[in-house]
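The block underneath contains the structure these notes are about, expressed in structure tokens.
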Ligand code: KG4
Ligand code: ZN
């Protein structure tokens, strides 16, 4: 089976073709094209939904065309197909598209394009929840191009599994008893982990998304240098809260560099001048220590809750997903804590390039949850969550 995936829930426009046989436990990527409008959002300090959708309208057709070309499905071998009165239909079995959650304007670009193509090409269409898509980045077969990290030589996911989805808008723990049987166990009560990274980075003058920048600075810092809270690690449920940690970090930065309401703070927040650029070498080390302490606090909370839920539900696999899953500290700490448990739990994290939004994960989710709908019934749902 060959599926064309389309993803446009936030700032990325992506199309991908994947291939798998009926009994396959993983899918193979034939192409995966991602166009990002990040540079535009960096200027505005965050995503302005209308700007994102306007960019996606420009990119969606070229991105889909490139994905079909890269997978050798387009153009057809006959050279005069453009003159032909018959419609060219690529050799795919279905179209998968993200229907939510996300920004409504952005979602509509993908959904309406997918509906049109499904109608013209006479192909079935499979709606996909973006968050479930992040989980299915773990079901993409290893290749030299897309290496999937696994703690075991056995690369097959065993159920029940727990997925930690950590993105810019979500921090969710999802129990998976089998394909199609998903249950939300915990989520964030306020900010998501990625949002905490991004907003703390913004305070330091970095453009959106600041998570990778904090992580880069943290590499040179001491994670024990500053004390920051680990919110809700002792709570009996599996929920998260990151807004208090964000506020504590902001207070610490303001105290350490005495920057509240000075012209410097106004400059680096609004004129895209990073605080780092205004600091001496010794103070730059303090900044790295602050970032390392923040990253460690976020990672500690994520690891502790994931291990607790894994033990409670006696899971056989732990799966990471979402943009923050690209964070090396999170990958390493989670993997080593699983090893320390001396259990047989398998650990999976998608290749870093497939952690952030992409259409391959959407097509992968569609392969394992093959529920086509008539194109007329397809609607975008920005509020979509887990049932
Ligand atoms: O999944 P994603 O691409 O988009 C959403 O669905 O939200 O996730 C984007 C998030 C941003 O918050 C970004 O800062 C974060 O993922 N992120 C990281 C790293 N790479 C991306 N956060 C921390 N460390 C990273 N290396
Ligand atoms: Zn995402």
What's the exposure ranking of 86, 65, going from fewest to most Cβ atoms within 10 Å?
86, 65
Relative contact order %, the chain, counting alpha carbon pairs below 8 Å whose residues are six or more apart:
26
Give me the number: length gained by fully extending residue 40 to residue 281, i.e. 0.36 nm times residue separation minus the C-alpha to C-alpha distance, one decimal in nm.
83.7 nm
I need the calculated FRET efficiency for the pair residue 57 and residue 386, taking r as the beta carbon distance and R₀ as 22 Å, to the nearest 0.05.
0.15
Quick check: pseudo-label points 7 Å beyond the Cα along Cα→Cβ at residue 23 and residue 316, how many nm apart are they?
1.7
Which of 42, 349, 297 ends up with the largest GNM mean-square fluctuation for the chain, with Cα atoms connected below 10 Å?
42
Across 15, 67, 248, the residue with the highest GNM fluctuation in the chain (Cα network, 10 Å cutoff) is 248
Working from Cα positions, state the angle (0 to 90°, nearest 10) between the long axis of helix 104-121 and the longest principal axis of the chain.
20
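Suppose only helical runs count, i.e. DSSP H with n ≥ 4. What mean residue ellipticity at 222 nm does that imply for the chain under -39500 (n - 2.57) per run, divided by all residues and rounded to the nearest 500 deg cm²/dmol? Before the final figure, lay out each step's value.
Values: 11 runs with 151 residues, N = 387.
Theoretical 222 nm ellipticity from helices: -12500 deg cm²/dmol.
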Pop a pseudo-label 7 angstrom from the Cα along the beta-carbon direction at both residue 219 and residue 256 and give the gap in nm to one decimal.
1.9
For residue 377 and residue 178, what does the FRET efficiency come to when R0 = 22 Å and r is the distance between their Cβ atoms, rounded to the nearest 0.05?
0.30
What's the angle, to the nearest 10 degrees (0 to 90), between helix 193-203's Cα axis and the longest principal axis of the chain?
60
Please figure out what share of the DSSP beta bridges in the chain is antiparallel and state it in percent, rounded to the nearest 5.
60
Using the 10 angstrom Cβ neighbour count as an exposure proxy, how do 130, 41 rank, fewest first?
41, 130
Which residue fluctuates the most in the chain, going by a Gaussian network model with Cα springs under 10 Å, if the choices are 180, 322, 102?
180
In the range 161-349, what percentage of the DSSP-assigned beta bridges are antiparallel, given to the nearest 5?
55
On Cα atoms only, tilt of 281-312 relative to the major axis of the chain in degrees
60
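So for 200, 291, 355, fewest C-beta neighbours within 10 Å to most, what's the order? Don't skip to the end; give the middle numbers.
Values: 200 27, 291 30, 355 23.
Ranking 200, 291, 355 by Cβ neighbours within 10 Å, fewest first, gives 355, 200, 291.
If we sort 162-173, 213-224 on the protection proxy, mean other Cβ atoms within 10 Å, highest first, what's the order? List each step's numbers first, then the result.
Details: 162-173: 25.0, 213-224: 18.2.
Those peptides, ordered most packed to least, come out 162-173, 213-224.
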For residue 336 and residue 142, calculate 0.36 nm times their separation in residues minus their Cα-Cα distance, and state this gained length in nm to one decimal.
67.7 nm
Once label points are set 7 Å from the Cα along Cα→Cβ at both residue 87 and residue 104, what is their separation, rounded to one decimal in nm?
2.9
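No lab work stands behind these numbers, since they all come straight from the coordinates. Remember, it's a predicted structure, so these values are computed and weren't measured experimentally. Here Cβ is always computed from backbone atoms with ideal geometry, including for glycine, and neighbour counts include all displayed protein chains.
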